[in-house]
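Before any comments, here is the structure.
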Amino acid sequence: MNLRCALLLLAAAAILMPRGHCQIDSASTISLPERIYVASRVYATIQNYFDVWRDKDSVDFDQSYRDYLHNVLHTEERKAFDLETMRFVALLHNGHTWFNDRWLEMKYGSPLGFYAEPIQGKWVVTRTDVPQLRLGDVVADIDGKPTEDFFQDKRQFLADSNERSQRTDLFGQAYLFPQQFDLTLTDGRKVRIAHPSDKKRASPGERVNGHWLEPKKLAYIRIPTFAGGVTTESAAIAMVQTFKAAQGLVIDVRGNPGGRISHELQAALMERPFRSWRESLGRFSSPRGNRSELITAGDEADSYVGIDSGIYKGRLVILIDGGCASACENFVMPFKDNHRATLIGETSYGSYSDTHFITFDNRMMLNTAATRVAFPDGTPFEGVGISPDMPIERTADDVRSGKDRVLTLAIEVLRSPSP
């Protein structure tokens, strides 16, 4: 279905829509012309820019669009429209292709006050500002519904590349939860969550920080996000400079959701050439149905490796997990590819792409993955992620005790004799 056909179909629907239905709060509604416009732009943008179609995907996108139209043309409730659009976009199974609405975030997105994530098959509380919740508590059900069933019901709205990432995202999307709900914990306690009235806000973000693990021998640098762009990267490079004489260095990017990063920080830690992603810039079909693809190979960044290459040349360990996403994975990948560092922890999120971003006057927005990347040798990355060289999974006991077995293992590696 091309855009012209889509617009004709929408125009016909507008004429046939019944009039006179009851009015709802205007701030919570979206008019029929606005629904038509947003839906058509979403469809056209994905058709024009999305380039992460995977052969294993069996989604009939045009039929899915027809189903989406049927649903959104028969409701003027804005939240319902948002969720239907999220469901439609999530069919693409891509972490960089998502729809959002600032109105929805403001109205229903007040932080829950806690965060739970899947650990060894259980939903474990890993952050909390709720006095009745403790780190390591296991959430058994939500309003009497098993937490796993709740996830299976809500995952249709989560635009992630795989189920593992959907599970990681669940408790970060407050608008998927009731305004008030009861948690039942595995120890039998019940906790009432009322996230709008509690007026909880996300904690201030961490900044790049570091310290000596062993004076003049082993050092640690924590990079919680790359959202600050040049500012964050400059701070990280300055920290590398501070510890450049260390025998061993730990870079911790666990939970880093990405942002923007160039080759400069990578180069500061390198003492050998490193390669970029293998990137697909587009797929093309001939009238006979033959398909081709424009691919750029992962080039070696020789320009960043000179006679006096890198600031830090000692032994390097990088800590990763499922929260390391996007630009965080862009930072980590070359160290995996050229074996400059030992990666310890859990497999990363599994999504990175250049994107095409549009905003609407009503504060809705759509982000679309415009490229598909693979490891330099062509190995698939999207929905797969970067695997650690030394995997180690957290347990609920780790969360309760505050023990960081990943960091402990990193220190053991750096203390061990060089291979």
| Taking the condition touching a residue at least 24 places away in the same chain (Cβ under 8 Å) and outside the structural domain of Gly402 (by TED's automatic domain parsing), does Phe181 pass? | yes
| Residue among Ala410, Ala369 that is at pLDDT 90 or above and either more than 28 Å from Phe81 (Cβ to Cβ) or in contact with a Lys or Arg (Cβ under 8 Å, 6 or more places away or on another chain) (or both) | Ala410
| task | Being part of a loop (DSSP other than H, G, I, E, B) and of a type in the set (A, V, I, L, M, F, W, C) is the filter; apply it to region 384-419 and report the residue that is farthest from Asn94 (Cα to Cα). | result | Ile392
| said: Where the second residue is part of a strand (DSSP E or B) and the first is among the basic types (Lys, Arg) and lies in region 229-258, which pairs have Cβ atoms under 9 Å and are six or more apart or on separate chains? | reply: Arg254/Arg222; Arg254/Leu319; Arg254/Ile320; Arg254/Gly345
| Failed criterion for Pro224 (all others in (1) in contact with a helix residue (DSSP H, G or I) (Cβ under 8 Å, 6 or more places away or on another chain); (2) closer than 24 Å to Val413 by Cβ; (3) surrounded by 17 or more Cβ atoms within 10 Å (Cβ to Cβ) hold) | (1)
| note | Of the residues in region 141-165, those that are assigned to a helix (DSSP H, G or I) and at pLDDT 95 or above come to Thr147, Glu148, Asp149, Phe150, Phe151, Gln152, Asp153, Lys154, Arg155, Gln156, Phe157
| Given the residues Gly350, Gly378, which is the only one that is crowded, with 21+ Cβ neighbours inside 10 Å and part of a loop (DSSP other than H, G, I, E, B)? | Gly350
| Residue check, Ala341 small (Gly, Ala, Ser), in contact (Cβ under 8 Å) with a residue 40 or more places away in the chain and touching a Ser or Thr at 6+ places or on another chain (Cβ under 7 Å) | no
| task | Of all residues in region 210-233, count the ones that are of a type outside the set (A, V, I, L, M, F, W, C) and under 19 Å from Leu316 (Cα atoms). | result | 10
| query | Which condition number does Leu133 fail, the rest of (1) assigned to a helix (DSSP H, G or I); (2) among the hydrophobic types (A, V, I, L, M, F, W, C); (3) in contact (Cβ under 8 Å) with a residue 40 or more places away in the chain being met? | reply | (1)
| remark: Within region 64-83, residues more than 14 Å from Leu32 (Cβ to Cβ), crowded, with 21+ Cβ neighbours inside 10 Å and either without any contact (Cβ under 8 Å) to a residue 24 or more places away in the chain or among the hydrophobic types (A, V, I, L, M, F, W, C) (or both) come out as Leu83
| field | Test result for Ile24, crowded, with 19+ Cβ neighbours inside 10 Å and either among the β-branched types (Val, Ile, Thr) or at pLDDT 90 or above (or both) | value | no
| note | The residue from Leu133, Leu92 that alone is closer than 20 Å to Gly350 by Cα and not assigned by TED's automatic domain parsing to the domain that holds Gly350 is Leu92
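The values are calculated or read from the model by the stated rules, or taken from the named source; none is laboratory data. All values derive from a computational prediction rather than experimental measurement. Cβ: placed from backbone, ideal geometry, glycine included. Neighbour counts: every protein chain shown.
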